[in-house]
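The values are calculated or read from the model by the stated rules, or taken from the named source; none is laboratory data. Because the structure is a prediction, the values reported are computed rather than measured. Positions of Cβ are backbone-derived with ideal geometry, glycine not excepted, and every protein chain shown enters the neighbour counts. The accessibility values were calculated without ligands, DNA or RNA, using every heavy atom of the protein model including side chains. Shrake-Rupley method; radii C 1.70, N 1.55, O 1.52, S 1.80 Å.
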2 protein chains.
Amino acid sequence: MKADPQALVFDAYGTLFDVHSVTRLADSLFPGRGAALSQAWRGKQLEYTWLRSLMGRYDDFNAVTADSLDWSLESLGLAAGARERDALMQAYRTLATFPEVRAALARLGARRTLAILSNGHPDMLDAVVDHNELRVHFGERVYSVHEAGVFKPDPRVYALACTGLELPAESIGFVSSNGWDAAGARSFGFAAWWVNRGRAPVERLGSPPDAVVGDLAQLADLLA
Amino acid sequence: MKADPQALVFDAYGTLFDVHSVTRLADSLFPGRGAALSQAWRGKQLEYTWLRSLMGRYDDFNAVTADSLDWSLESLGLAAGARERDALMQAYRTLATFPEVRAALARLGARRTLAILSNGHPDMLDAVVDHNELRVHFGERVYSVHEAGVFKPDPRVYALACTGLELPAESIGFVSSNGWDAAGARSFGFAAWWVNRGRAPVERLGSPPDAVVGDLAQLADLLA
(Lines give C-alpha, C1' and ligand atoms only; values in the text may rest on other atoms or scores of the structure.)
Protein backbone atom coordinates (compact mmCIF):
# COMPACT_ATOMS: atom_id res chain seq x y z
CA MET A 1 0.00 0.00 0.00
CA LYS A 2 1.14 3.47 -0.94
CA ALA A 3 0.79 5.29 2.39
CA ASP A 4 0.59 8.73 0.83
CA PRO A 5 -0.89 8.67 -2.67
CA GLN A 6 -0.65 11.70 -4.93
CA ALA A 7 -4.34 11.56 -5.76
CA LEU A 8 -7.46 10.28 -4.04
CA VAL A 9 -10.30 9.05 -6.22
CA PHE A 10 -13.76 8.77 -4.64
CA ASP A 11 -16.74 6.70 -5.53
CA ALA A 12 -19.85 8.93 -5.59
CA TYR A 13 -23.09 7.11 -4.72
CA GLY A 14 -23.02 5.73 -1.19
CA THR A 15 -19.56 7.17 -0.51
CA LEU A 16 -20.00 10.94 -0.89
CA PHE A 17 -23.76 11.01 -1.50
CA ASP A 18 -26.33 9.19 0.58
CA VAL A 19 -28.49 7.21 -1.83
CA HIS A 20 -30.91 6.42 0.96
CA SER A 21 -31.71 10.10 1.29
CA VAL A 22 -34.32 9.29 -1.38
CA THR A 23 -36.02 7.28 1.37
CA ARG A 24 -37.69 10.40 2.74
CA LEU A 25 -39.22 11.29 -0.60
CA ALA A 26 -40.19 7.68 -1.26
CA ASP A 27 -41.86 7.52 2.14
CA SER A 28 -43.86 10.66 1.46
CA LEU A 29 -45.06 9.16 -1.85
CA PHE A 30 -45.68 5.67 -0.42
CA PRO A 31 -46.17 6.02 3.36
CA GLY A 32 -44.46 3.25 5.31
CA ARG A 33 -42.81 1.78 2.21
CA GLY A 34 -40.01 4.29 1.60
CA ALA A 35 -37.21 2.24 3.14
CA ALA A 36 -38.25 -0.92 1.31
CA LEU A 37 -38.44 0.92 -2.01
CA SER A 38 -35.10 2.69 -1.52
CA GLN A 39 -33.34 -0.57 -0.65
CA ALA A 40 -34.89 -2.59 -3.48
CA TRP A 41 -34.09 0.19 -5.96
CA ARG A 42 -30.44 0.47 -4.96
CA GLY A 43 -29.93 -3.30 -4.94
CA LYS A 44 -31.51 -3.81 -8.35
CA GLN A 45 -29.65 -0.81 -9.78
CA LEU A 46 -26.28 -2.37 -8.89
CA GLU A 47 -27.39 -5.78 -10.11
CA TYR A 48 -28.35 -4.31 -13.49
CA THR A 49 -24.98 -2.55 -13.85
CA TRP A 50 -23.19 -5.86 -13.29
CA LEU A 51 -25.47 -7.90 -15.53
CA ARG A 52 -25.49 -5.43 -18.41
CA SER A 53 -21.70 -5.20 -18.23
CA LEU A 54 -21.36 -8.99 -18.41
CA MET A 55 -23.89 -9.28 -21.21
CA GLY A 56 -22.08 -6.60 -23.21
CA ARG A 57 -25.27 -4.52 -23.19
CA TYR A 58 -24.22 -1.27 -21.56
CA ASP A 59 -26.92 1.33 -21.14
CA ASP A 60 -26.27 4.55 -19.26
CA PHE A 61 -26.88 4.96 -15.53
CA ASN A 62 -29.97 7.11 -16.08
CA ALA A 63 -31.59 4.27 -18.01
CA VAL A 64 -30.45 1.59 -15.55
CA THR A 65 -31.69 3.69 -12.64
CA ALA A 66 -35.11 4.15 -14.29
CA ASP A 67 -35.32 0.44 -15.18
CA SER A 68 -34.45 -0.63 -11.64
CA LEU A 69 -37.01 1.81 -10.22
CA ASP A 70 -39.72 0.30 -12.42
CA TRP A 71 -38.76 -3.23 -11.37
CA SER A 72 -38.74 -2.26 -7.70
CA LEU A 73 -42.11 -0.50 -7.85
CA GLU A 74 -43.67 -3.55 -9.53
CA SER A 75 -41.97 -5.93 -7.12
CA LEU A 76 -43.38 -4.08 -4.12
CA GLY A 77 -46.81 -3.64 -5.70
CA LEU A 78 -46.58 0.15 -5.65
CA ALA A 79 -48.53 2.05 -8.33
CA ALA A 80 -46.57 5.08 -9.49
CA GLY A 81 -47.61 7.54 -12.18
CA ALA A 82 -45.32 9.75 -14.22
CA ARG A 83 -45.28 12.38 -11.47
CA GLU A 84 -44.03 10.04 -8.71
CA ARG A 85 -41.57 8.37 -11.04
CA ASP A 86 -40.11 11.68 -12.22
CA ALA A 87 -39.82 12.94 -8.66
CA LEU A 88 -37.89 9.83 -7.59
CA MET A 89 -35.56 10.03 -10.59
CA GLN A 90 -35.00 13.72 -9.98
CA ALA A 91 -34.07 12.95 -6.36
CA TYR A 92 -30.94 11.18 -7.65
CA ARG A 93 -29.71 14.51 -8.99
CA THR A 94 -30.07 16.23 -5.63
CA LEU A 95 -28.84 13.56 -3.22
CA ALA A 96 -27.40 14.92 0.02
CA THR A 97 -23.83 14.25 1.10
CA PHE A 98 -23.12 12.32 4.27
CA PRO A 99 -22.65 14.80 7.14
CA GLU A 100 -18.84 14.55 7.49
CA VAL A 101 -18.04 14.76 3.77
CA ARG A 102 -17.52 18.51 3.34
CA ALA A 103 -15.02 18.95 6.17
CA ALA A 104 -13.20 15.71 5.34
CA LEU A 105 -12.71 16.69 1.69
CA ALA A 106 -11.20 20.02 2.77
CA ARG A 107 -8.66 18.17 4.96
CA LEU A 108 -7.92 15.41 2.44
CA GLY A 109 -7.55 17.84 -0.46
CA ALA A 110 -5.05 20.12 1.26
CA ARG A 111 -2.06 18.20 -0.08
CA ARG A 112 -3.56 15.95 -2.73
CA THR A 113 -5.51 15.97 -5.96
CA LEU A 114 -9.10 14.80 -5.48
CA ALA A 115 -11.28 13.18 -8.13
CA ILE A 116 -14.53 11.23 -8.53
CA LEU A 117 -14.95 8.00 -10.50
CA SER A 118 -18.54 6.87 -10.71
CA ASN A 119 -21.06 4.66 -12.48
CA GLY A 120 -23.19 7.78 -12.92
CA HIS A 121 -23.92 9.38 -16.25
CA PRO A 122 -21.88 12.61 -16.63
CA ASP A 123 -25.08 14.71 -16.46
CA MET A 124 -26.19 13.07 -13.20
CA LEU A 125 -22.75 13.51 -11.68
CA ASP A 126 -22.43 17.15 -12.64
CA ALA A 127 -25.88 17.82 -11.23
CA VAL A 128 -25.21 16.24 -7.83
CA VAL A 129 -21.69 17.68 -7.51
CA ASP A 130 -22.91 21.20 -8.25
CA HIS A 131 -26.03 20.79 -6.09
CA ASN A 132 -23.71 20.10 -3.14
CA GLU A 133 -21.20 22.79 -4.15
CA LEU A 134 -18.32 20.28 -4.28
CA ARG A 135 -16.81 21.60 -7.51
CA VAL A 136 -14.19 23.49 -5.50
CA HIS A 137 -12.67 20.11 -4.51
CA PHE A 138 -12.98 18.21 -7.77
CA GLY A 139 -12.80 20.74 -10.61
CA GLU A 140 -13.26 18.87 -13.89
CA ARG A 141 -11.91 15.64 -12.38
CA VAL A 142 -15.32 13.97 -12.27
CA TYR A 143 -14.93 10.78 -14.30
CA SER A 144 -17.83 8.63 -15.48
CA VAL A 145 -17.84 5.01 -16.61
CA HIS A 146 -19.87 6.24 -19.59
CA GLU A 147 -16.66 6.82 -21.52
CA ALA A 148 -15.65 3.16 -21.08
CA GLY A 149 -19.10 1.79 -21.96
CA VAL A 150 -19.02 -0.65 -19.06
CA PHE A 151 -19.69 -0.39 -15.31
CA LYS A 152 -17.56 -1.06 -12.23
CA PRO A 153 -15.74 -3.27 -11.30
CA ASP A 154 -14.49 -3.84 -14.86
CA PRO A 155 -10.80 -2.84 -14.85
CA ARG A 156 -11.34 -0.58 -17.88
CA VAL A 157 -13.31 1.71 -15.59
CA TYR A 158 -10.53 2.18 -13.03
CA ALA A 159 -8.11 2.84 -15.89
CA LEU A 160 -10.12 5.99 -16.70
CA ALA A 161 -8.77 7.61 -13.52
CA CYS A 162 -5.16 6.91 -14.54
CA THR A 163 -5.81 8.46 -17.94
CA GLY A 164 -7.66 11.47 -16.58
CA LEU A 165 -5.18 12.20 -13.80
CA GLU A 166 -2.14 11.25 -15.90
CA LEU A 167 -0.89 9.12 -13.02
CA PRO A 168 0.08 5.45 -12.71
CA ALA A 169 -2.16 3.20 -10.61
CA GLU A 170 0.40 3.01 -7.80
CA SER A 171 0.14 6.77 -7.22
CA ILE A 172 -3.63 6.64 -6.73
CA GLY A 173 -5.69 5.81 -3.66
CA PHE A 174 -9.31 4.80 -4.16
CA VAL A 175 -12.08 5.39 -1.61
CA SER A 176 -15.42 3.62 -1.69
CA SER A 177 -18.16 2.65 0.73
CA ASN A 178 -18.98 -0.27 -1.53
CA GLY A 179 -16.79 -3.17 -0.46
CA TRP A 180 -16.95 -4.74 -3.93
CA ASP A 181 -15.85 -1.44 -5.52
CA ALA A 182 -12.88 -1.19 -3.16
CA ALA A 183 -12.04 -4.79 -4.09
CA GLY A 184 -12.23 -3.98 -7.78
CA ALA A 185 -9.99 -0.94 -7.36
CA ARG A 186 -7.47 -2.93 -5.29
CA SER A 187 -7.50 -5.70 -7.90
CA PHE A 188 -6.77 -3.10 -10.58
CA GLY A 189 -3.73 -1.82 -8.68
CA PHE A 190 -4.90 1.16 -6.63
CA ALA A 191 -4.45 1.44 -2.90
CA ALA A 192 -8.01 1.02 -1.64
CA TRP A 193 -9.78 2.26 1.46
CA TRP A 194 -13.14 0.84 2.30
CA VAL A 195 -15.54 3.21 4.06
CA ASN A 196 -17.59 0.65 5.92
CA ARG A 197 -20.56 2.83 6.82
CA GLY A 198 -22.87 -0.12 7.34
CA ARG A 199 -20.58 -2.26 9.54
CA ALA A 200 -20.72 -5.03 6.95
CA PRO A 201 -18.37 -8.03 6.77
CA VAL A 202 -15.42 -7.61 4.41
CA GLU A 203 -16.16 -8.95 0.92
CA ARG A 204 -14.48 -12.25 0.02
CA LEU A 205 -13.31 -11.35 -3.48
CA GLY A 206 -9.60 -12.05 -3.33
CA SER A 207 -8.44 -8.44 -3.03
CA PRO A 208 -9.16 -7.06 0.46
CA PRO A 209 -8.88 -3.30 1.10
CA ASP A 210 -5.64 -1.83 2.44
CA ALA A 211 -7.58 -0.38 5.36
CA VAL A 212 -11.14 -0.01 6.60
CA VAL A 213 -12.54 3.22 8.04
CA GLY A 214 -15.95 4.12 9.43
CA ASP A 215 -16.38 7.38 7.54
CA LEU A 216 -14.39 10.01 5.62
CA ALA A 217 -13.41 11.83 8.81
CA GLN A 218 -11.58 8.69 9.94
CA LEU A 219 -9.88 8.51 6.54
CA ALA A 220 -8.69 12.10 6.95
CA ASP A 221 -7.27 11.18 10.37
CA LEU A 222 -5.55 8.12 8.91
CA LEU A 223 -3.92 10.09 6.11
CA ALA A 224 -3.09 13.21 8.20
CA MET B 1 -38.49 -17.47 -31.32
CA LYS B 2 -37.88 -20.95 -32.59
CA ALA B 3 -41.11 -22.68 -31.56
CA ASP B 4 -39.61 -26.15 -31.55
CA PRO B 5 -35.88 -26.13 -30.78
CA GLN B 6 -33.78 -29.22 -31.39
CA ALA B 7 -32.24 -29.02 -27.94
CA LEU B 8 -33.30 -27.64 -24.56
CA VAL B 9 -30.59 -26.42 -22.23
CA PHE B 10 -31.46 -26.04 -18.54
CA ASP B 11 -29.97 -23.92 -15.84
CA ALA B 12 -29.34 -26.10 -12.76
CA TYR B 13 -29.55 -24.20 -9.46
CA GLY B 14 -33.00 -22.76 -8.87
CA THR B 15 -34.36 -24.24 -12.10
CA LEU B 16 -33.95 -28.01 -11.66
CA PHE B 17 -32.63 -28.03 -8.09
CA ASP B 18 -34.16 -26.11 -5.21
CA VAL B 19 -31.34 -24.15 -3.59
CA HIS B 20 -33.61 -23.26 -0.70
CA SER B 21 -33.82 -26.91 0.22
CA VAL B 22 -30.69 -26.11 2.25
CA THR B 23 -33.03 -24.02 4.41
CA ARG B 24 -34.11 -27.07 6.38
CA LEU B 25 -30.55 -28.01 7.25
CA ALA B 26 -29.66 -24.40 8.00
CA ASP B 27 -32.67 -24.12 10.28
CA SER B 28 -31.69 -27.24 12.19
CA LEU B 29 -28.18 -25.81 12.71
CA PHE B 30 -29.39 -22.27 13.51
CA PRO B 31 -33.01 -22.53 14.72
CA GLY B 32 -35.20 -19.75 13.35
CA ARG B 33 -32.45 -18.37 11.10
CA GLY B 34 -32.44 -20.94 8.30
CA ALA B 35 -34.45 -18.92 5.79
CA ALA B 36 -32.40 -15.77 6.39
CA LEU B 37 -29.13 -17.69 5.97
CA SER B 38 -30.29 -19.49 2.85
CA GLN B 39 -31.43 -16.24 1.21
CA ALA B 40 -28.32 -14.26 2.14
CA TRP B 41 -26.10 -17.11 0.94
CA ARG B 42 -27.79 -17.43 -2.44
CA GLY B 43 -27.83 -13.67 -3.02
CA LYS B 44 -24.17 -13.21 -2.14
CA GLN B 45 -23.18 -16.27 -4.17
CA LEU B 46 -24.68 -14.76 -7.34
CA GLU B 47 -23.20 -11.35 -6.57
CA TYR B 48 -19.73 -12.89 -6.25
CA THR B 49 -20.06 -14.71 -9.58
CA TRP B 50 -20.89 -11.41 -11.31
CA LEU B 51 -18.22 -9.39 -9.54
CA ARG B 52 -15.42 -11.92 -10.02
CA SER B 53 -16.33 -12.22 -13.70
CA LEU B 54 -16.17 -8.44 -14.16
CA MET B 55 -12.91 -8.18 -12.21
CA GLY B 56 -11.36 -10.93 -14.32
CA ARG B 57 -10.79 -12.94 -11.13
CA TYR B 58 -12.66 -16.17 -11.78
CA ASP B 59 -12.60 -18.70 -8.99
CA ASP B 60 -14.61 -21.90 -9.20
CA PHE B 61 -18.16 -22.22 -7.87
CA ASN B 62 -17.07 -24.32 -4.91
CA ALA B 63 -14.82 -21.49 -3.74
CA VAL B 64 -17.40 -18.78 -4.45
CA THR B 65 -20.06 -20.79 -2.62
CA ALA B 66 -17.79 -21.23 0.42
CA ASP B 67 -16.81 -17.54 0.39
CA SER B 68 -20.42 -16.40 0.18
CA LEU B 69 -21.37 -18.77 3.01
CA ASP B 70 -18.66 -17.26 5.22
CA TRP B 71 -19.82 -13.72 4.40
CA SER B 72 -23.44 -14.61 5.12
CA LEU B 73 -22.66 -16.31 8.43
CA GLU B 74 -20.68 -13.28 9.57
CA SER B 75 -23.33 -10.87 8.31
CA LEU B 76 -26.03 -12.64 10.32
CA GLY B 77 -23.82 -13.05 13.39
CA LEU B 78 -23.98 -16.85 13.25
CA ALA B 79 -21.02 -18.76 14.70
CA ALA B 80 -20.32 -21.86 12.62
CA GLY B 81 -17.52 -24.36 13.17
CA ALA B 82 -15.99 -26.65 10.58
CA ARG B 83 -18.75 -29.22 11.13
CA GLU B 84 -21.65 -26.84 10.38
CA ARG B 85 -19.81 -25.27 7.47
CA ASP B 86 -18.99 -28.63 5.89
CA ALA B 87 -22.56 -29.82 6.32
CA LEU B 88 -23.94 -26.72 4.57
CA MET B 89 -21.44 -27.03 1.70
CA GLN B 90 -22.21 -30.71 1.37
CA ALA B 91 -25.92 -29.89 1.11
CA TYR B 92 -25.21 -28.23 -2.23
CA ARG B 93 -24.20 -31.60 -3.62
CA THR B 94 -27.45 -33.22 -2.58
CA LEU B 95 -30.01 -30.52 -3.40
CA ALA B 96 -33.49 -31.83 -4.14
CA THR B 97 -35.22 -31.22 -7.47
CA PHE B 98 -38.44 -29.23 -7.57
CA PRO B 99 -41.39 -31.67 -7.42
CA GLU B 100 -42.45 -31.46 -11.08
CA VAL B 101 -38.96 -31.77 -12.59
CA ARG B 102 -38.71 -35.52 -13.11
CA ALA B 103 -41.98 -35.96 -15.00
CA ALA B 104 -41.47 -32.77 -17.01
CA LEU B 105 -38.01 -33.84 -18.19
CA ALA B 106 -39.41 -37.17 -19.38
CA ARG B 107 -42.02 -35.33 -21.49
CA LEU B 108 -39.64 -32.63 -22.76
CA GLY B 109 -36.91 -35.13 -23.65
CA ALA B 110 -39.11 -37.43 -25.69
CA ARG B 111 -38.37 -35.59 -28.94
CA ARG B 112 -35.42 -33.36 -28.02
CA THR B 113 -31.88 -33.42 -26.74
CA LEU B 114 -31.65 -32.16 -23.15
CA ALA B 115 -28.59 -30.57 -21.56
CA ILE B 116 -27.53 -28.56 -18.49
CA LEU B 117 -25.46 -25.36 -18.54
CA SER B 118 -24.55 -24.17 -15.07
CA ASN B 119 -22.28 -21.96 -13.00
CA GLY B 120 -21.49 -25.04 -10.92
CA HIS B 121 -18.10 -26.70 -10.83
CA PRO B 122 -18.17 -29.98 -12.82
CA ASP B 123 -17.76 -32.01 -9.61
CA MET B 124 -20.72 -30.30 -7.93
CA LEU B 125 -22.89 -30.75 -11.01
CA ASP B 126 -22.07 -34.42 -11.43
CA ALA B 127 -22.80 -35.00 -7.75
CA VAL B 128 -26.23 -33.36 -7.77
CA VAL B 129 -27.26 -34.86 -11.13
CA ASP B 130 -26.35 -38.37 -10.01
CA HIS B 131 -27.85 -37.86 -6.55
CA ASN B 132 -31.18 -37.15 -8.26
CA GLU B 133 -30.72 -39.91 -10.87
CA LEU B 134 -31.12 -37.46 -13.75
CA ARG B 135 -28.26 -38.88 -15.84
CA VAL B 136 -30.78 -40.75 -17.98
CA HIS B 137 -31.98 -37.40 -19.33
CA PHE B 138 -28.69 -35.56 -19.71
CA GLY B 139 -25.98 -38.14 -20.39
CA GLU B 140 -22.65 -36.33 -20.61
CA ARG B 141 -24.34 -33.10 -21.71
CA VAL B 142 -23.75 -31.36 -18.38
CA TYR B 143 -21.78 -28.21 -19.22
CA SER B 144 -20.03 -26.06 -16.65
CA VAL B 145 -18.85 -22.45 -16.95
CA HIS B 146 -15.56 -23.71 -15.51
CA GLU B 147 -14.29 -24.40 -19.02
CA ALA B 148 -14.86 -20.74 -20.00
CA GLY B 149 -13.32 -19.34 -16.80
CA VAL B 150 -16.13 -16.83 -16.38
CA PHE B 151 -19.68 -16.98 -15.01
CA LYS B 152 -23.11 -16.30 -16.50
CA PRO B 153 -24.32 -14.09 -18.15
CA ASP B 154 -21.06 -13.63 -20.09
CA PRO B 155 -21.81 -14.70 -23.68
CA ARG B 156 -18.78 -17.02 -23.69
CA VAL B 157 -20.69 -19.22 -21.26
CA TYR B 158 -23.74 -19.68 -23.49
CA ALA B 159 -21.41 -20.44 -26.40
CA LEU B 160 -20.28 -23.58 -24.53
CA ALA B 161 -23.69 -25.15 -25.20
CA CYS B 162 -23.38 -24.55 -28.94
CA THR B 163 -19.95 -26.15 -28.93
CA GLY B 164 -20.98 -29.10 -26.78
CA LEU B 165 -24.19 -29.82 -28.66
CA GLU B 166 -22.71 -28.97 -32.08
CA LEU B 167 -25.74 -26.81 -32.80
CA PRO B 168 -26.17 -23.14 -33.76
CA ALA B 169 -27.78 -20.80 -31.20
CA GLU B 170 -31.03 -20.61 -33.17
CA SER B 171 -31.58 -24.35 -32.73
CA ILE B 172 -31.34 -24.14 -28.93
CA GLY B 173 -33.94 -23.19 -26.34
CA PHE B 174 -32.73 -22.15 -22.90
CA VAL B 175 -34.69 -22.63 -19.69
CA SER B 176 -33.95 -20.80 -16.46
CA SER B 177 -35.77 -19.72 -13.32
CA ASN B 178 -33.33 -16.83 -13.02
CA GLY B 179 -34.76 -13.94 -15.02
CA TRP B 180 -31.30 -12.45 -15.58
CA ASP B 181 -30.01 -15.81 -16.89
CA ALA B 182 -32.91 -16.06 -19.35
CA ALA B 183 -32.10 -12.48 -20.43
CA GLY B 184 -28.44 -13.39 -20.93
CA ALA B 185 -29.36 -16.44 -22.98
CA ARG B 186 -31.83 -14.45 -25.09
CA SER B 187 -29.23 -11.75 -25.64
CA PHE B 188 -26.79 -14.43 -26.81
CA GLY B 189 -29.25 -15.72 -29.39
CA PHE B 190 -31.10 -18.64 -27.79
CA ALA B 191 -34.85 -18.83 -27.51
CA ALA B 192 -35.39 -18.34 -23.77
CA TRP B 193 -38.11 -19.48 -21.41
CA TRP B 194 -38.25 -17.98 -17.98
CA VAL B 195 -39.56 -20.27 -15.24
CA ASN B 196 -40.95 -17.62 -12.92
CA ARG B 197 -41.28 -19.73 -9.80
CA GLY B 198 -41.29 -16.72 -7.51
CA ARG B 199 -43.87 -14.58 -9.36
CA ALA B 200 -41.23 -11.86 -9.80
CA PRO B 201 -41.47 -8.91 -12.20
CA VAL B 202 -39.72 -9.43 -15.54
CA GLU B 203 -36.13 -8.15 -15.51
CA ARG B 204 -35.52 -4.90 -17.41
CA LEU B 205 -32.33 -5.90 -19.21
CA GLY B 206 -33.18 -5.26 -22.84
CA SER B 207 -33.76 -8.89 -23.84
CA PRO B 208 -37.07 -10.20 -22.42
CA PRO B 209 -37.82 -13.94 -22.49
CA ASP B 210 -39.79 -15.43 -25.37
CA ALA B 211 -42.30 -16.80 -22.89
CA VAL B 212 -42.84 -17.07 -19.14
CA VAL B 213 -44.05 -20.25 -17.42
CA GLY B 214 -44.74 -21.06 -13.78
CA ASP B 215 -42.87 -24.35 -13.66
CA LEU B 216 -41.42 -27.04 -15.93
CA ALA B 217 -44.77 -28.83 -16.22
CA GLN B 218 -46.19 -25.70 -17.86
CA LEU B 219 -43.19 -25.61 -20.19
CA ALA B 220 -43.86 -29.21 -21.21
CA ASP B 221 -47.49 -28.25 -21.95
CA LEU B 222 -46.33 -25.27 -24.00
CA LEU B 223 -43.92 -27.33 -26.10
CA ALA B 224 -46.18 -30.41 -26.42
Response to the item:
In Å³ per residue, the alpha-carbon convex hull of chain A encloses 117 Å³
Worksheet item: Using protein heavy atoms only (no ligands, DNA or RNA), what is the total accessible area buried between A and B, 1.4 Å probe, nearest 100 Å²?
Response: 2900 Å²
Response to the item:
Taking the label point 7 Å from Cα along the Cα-Cβ vector, the copy-to-copy distances for residue B:27, listed from shortest in nm with one decimal, are 3.2
Worksheet entry | Estimated translational D of segment B:4-111 in µm²/s (Stokes, Kirkwood radius over Cα pairs; 25 °C; 0.890 mPa s) | 160 µm²/s
Worksheet item: If you average 1/r over all unlike Cα pairs in the protein assembly as shown and invert the result, what Kirkwood radius do you get in angstrom?
Response: 23.1 Å
Worksheet entry | Surface accessible to a 1.4 Å probe, residue A:188 within the full protein complex, Å² | 60 Å²
Worksheet item: Sorted from shortest, what are the nm distances separating the label point of residue B:70 from equivalent points in the other copies, each placed 7 Å from Cα along Cα to C-beta?
Response: 4.0
Worksheet entry | Rel. contact order, % - alpha carbon contacts under 8 angstrom, at least six apart, chain B | 25 percent
Worksheet, complete the sentence: Summed over the other residues with a beta carbon less than 15 angstrom from that of residue A:45, with K and R at +1 and D and E at -1, the charge totals -4
Worksheet item: Does anyone have the angle between helix B:82-91 and the longest principal axis of chain B? Alpha-carbon axes, 0 to 90°, nearest 10?
Response: 20 degrees
Fill in: For chain A, built as a Gaussian network whose Cα springs stay under 10 Å, the top-fluctuating residue of A:160, A:69, A:78
A:78
Worksheet, complete the sentence: Rounded to the nearest 0.05, FRET efficiency between residue B:103 and residue A:141 (Cβ-Cβ, R0 51 Å) equals 0.25
Worksheet entry | Positive minus negative residues near residue A:122 (Lys, Arg vs Asp, Glu; Cβ under 15 Å) | -4
Worksheet item: With a sphere of radius 13 Å drawn around the Cβ of residue B:136, what net charge do the other residues whose Cβ falls strictly inside it have (Lys, Arg +1; Asp, Glu -1)?
Response: 0
Worksheet, complete the sentence: Longest principal axis of chain A (C-alpha) makes with the long axis of helix A:179-188 (C-alpha) an angle, in degrees to the nearest 10, of 40 degrees
Worksheet item: Using a 1.4 Å probe on protein heavy atoms, which residues of segment A:165-190 have at least 30 Å² less accessible area in the complex than alone?
Response: A:187
Practice prompt. Give the span of segment B:115-224's Cα atoms along each principal axis, as three whole-Å numbers ordered largest to smallest.
Written response: 33, 28, 24
Worksheet entry | Teacher prompt: residue B:103 distances to equivalent labels in other copies, 7 Å Cα→Cβ, nm | 6.8
Worksheet item: Long-range amide H contacts for residue B:191: which residues qualify at under 5 Å (H placed 1.01 Å from N, peptide plane, sequence gap of 5 or more or a different chain)?
Response: B:2, B:172, B:174
Fill in: In degrees, nearest ten, helix A:61-75 long axis to first principal axis of chain A (Cα)
40 degrees
Practice prompt. Could you go through segment B:33-43 in sequence order and give the Karplus-derived ³J(HN,Hα) for each residue, using 6.51 cos²θ - 1.76 cosθ + 1.60 with θ = phi - 60°, rounded to whole Hz, and x for Gly and Pro?
Written response: 10, x, 5, 5, 5, 4, 5, 5, 4, 5, x
Response to the item:
Amide H neighbours of residue A:56 at under 5 Å, excluding residues fewer than 5 places away on the same chain, with H built from the backbone geometry, are none
Worksheet entry | Whole-percent carbon and sulfur share, accessible surface of chain B, 1.4 Å | 49 percent
Worksheet item: In square angstrom, what is the accessible area per residue of segment A:20-91 with a 1.4 angstrom probe?
Response: 40 Å²
Item to complete: Report the calculated FRET efficiency for residue B:200 and residue A:89 (r = Cβ-Cβ distance, R0 = 25 Å), to the nearest 0.05.
Response: 0.65
Worksheet item: Of all the residues in chain B, which one has the C-beta that comes nearest the axis relating B to A, and what is the distance in Å?
Response: B:50, 2
Worksheet entry | Evaluated at q = 0.14, 0.19, 0.20, 0.21 Å⁻¹: base-10 log I(q)/I(0), Debye formula over Cα of segment B:66-144 | -0.58, -0.86, -0.91, -0.96
Practice prompt. Distance between Cα centroids, segment A:1-65 to segment B:74-119: provide it in whole Å.
Written response: 32 Å
